[in-house]
Amino acid sequence: MKLKTLAPKVRPMRAKIEVKKRTDDFYRSPGWNAFKKQIRAERGRVCERCGKTYEGDGSPVDLILDHIIERRDGGADLDPHNVQQLCVATGGNGRPHADGKRGGCHNRKTAEAKQIRAHGR
């Protein structure tokens with residue numbers, strides 16, 4: 001007689017505990033907020049990497065003011081030449097990237113910076 005295995009009645013537990021990322025206090029400071037407003041007024045509401053100005057639903061593009069040389073790598077905090085406005089989400093009117101993807105420039109730039117840091121280039 002062959003034994004049959006019953007399906008489990010309880011789902012397995014997730015092994016990973018997700019830790020919520022905490023924003024650096026610098027990015028909540030009055031100085032940073034004033035700097036962001038100044039950059040937005042000077043450059044307009046546009047992703048400086050792909051040219052995106054609105055999201056897929058027609059709302060204004062969601063932008064992050066990003067340090068070109070990251071602060072942890074010695075980049076200047078409030079230097080207008082060390083920041084760029086990058087879109088957060090994919091979709092919208094952004095021009096395609098070389099690999100055909102649209103939008104999401106902030107995540108792409110962050111991944112590139114991590115890779116460079118890991119390989120010491």
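The values are calculated or read from the model by the stated rules, or taken from the named source; none is laboratory data. Keep in mind it's a predicted model, so treat the numbers as computed, not measured. Please note: Cβ atoms are built from the backbone with ideal geometry, for glycine as well, and neighbour counts cover all protein chains shown.
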Which of the residues belonging to region 38-48 are part of a loop (DSSP other than H, G, I, E, B) and touching a residue at least 12 places away in the same chain (Cβ under 8 Å)? R45, V46, C47, E48
Which ones in region 17-37 are surrounded by 11 or more Cβ atoms within 10 Å (Cβ to Cβ) and either of a type in the set (F, W, Y) or part of a loop (DSSP other than H, G, I, E, B) (or both)? D24, F26, Y27, S29, W32, F35
Could you please give the count of residues in region 38-48 that are over 17 Å from A76 (Cβ atoms), surrounded by 11 or more Cβ atoms within 10 Å (Cβ to Cβ) and at pLDDT 95 or above? 2
With respect to E18, is the statement that it is among the acidic types (D, E) and closer than 19 Å to D79 by Cα true? no
Just to be sure before I move on: is R102 modelled with pLDDT under 85 and in contact with a Pro (Cβ under 8 Å, 6 or more places away or on another chain) in the structure I sent? yes
Within region 49-72, track down each residue that is assigned to a loop (DSSP other than H, G, I, E, B), among the hydroxyl-bearing types (S, T, Y) and surrounded by 13 or more Cβ atoms within 10 Å (Cβ to Cβ). T53
